[in-house]
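**Q** This is the structure, below, for whatever I ask next.
Read-outs: derived from the displayed coordinates by stated rules, not from any lab. Note that the coordinates shown come from a computational prediction; the quantities given were computed from them, not determined experimentally. Cβ sites come from the backbone with ideal geometry, for glycine too, and all protein chains shown count toward neighbours.
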Amino acid sequence: MPEQFGQGKLNITEGVCELCGHVTQLGALEIHRIVPQEVTEQTGISATATATLCHNCHKEIHDWYARNVSTVAYNPVSKSFQPKSVVNLVKEYEGAFRVFTEYKKSQRDIA
């Protein structure tokens, strides 16, 4: 499958979105890192799981992350919010992606 780079994203020139099944030949598929690069860099992980998504699903998953992944947790002892550990963030992103994938597949089954 030919690849091209553009706007900081790896674009696939043809294929099928892994979430919604959209078929394209117009370079509309993008590689999505399930755990964002800034998080994996903190852990020292060099290779992470990816998914090939259409532009709409890629935008939706980032919106989903913004609503469902928190980088802080409330500490009842200190009564303050504190940054989550990188390990917990990785687990949270992976879990959010899994839930979003199940949601998208259920929507596909309805249609």
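**Q** Within segment 90-111, is even one residue under 15 Å from the mean Cα position of the chain (by Cα), in a helix (DSSP H, G or I), among the aliphatic types (A, V, I, L, M) and within 21 Å of Gln42 (Cβ to Cβ)?
**A** yes
**Q** A follow-up question, please. Applying the selection to segment 78-98, what residues are loosely packed, with under 12 Cβ neighbours inside 10 Å and closer than 15 Å to Trp64 by Cβ?
**A** Arg98 - this is the single residue of segment 78-98 that is loosely packed, with under 12 Cβ neighbours inside 10 Å and closer than 15 Å to Trp64 by Cβ.
**Q** Inside segment 37-83, can you point out the residues that are in a helix (DSSP H, G or I) and either of a type in the set (A, V, I, L, M, F, W, C) or more than 28 Å from Lys104 (Cα to Cα) (or both)?
**A** Passing the criteria: Val39, Glu41, Gln42, Thr43, Cys57, Ile61, Trp64, Ala66.
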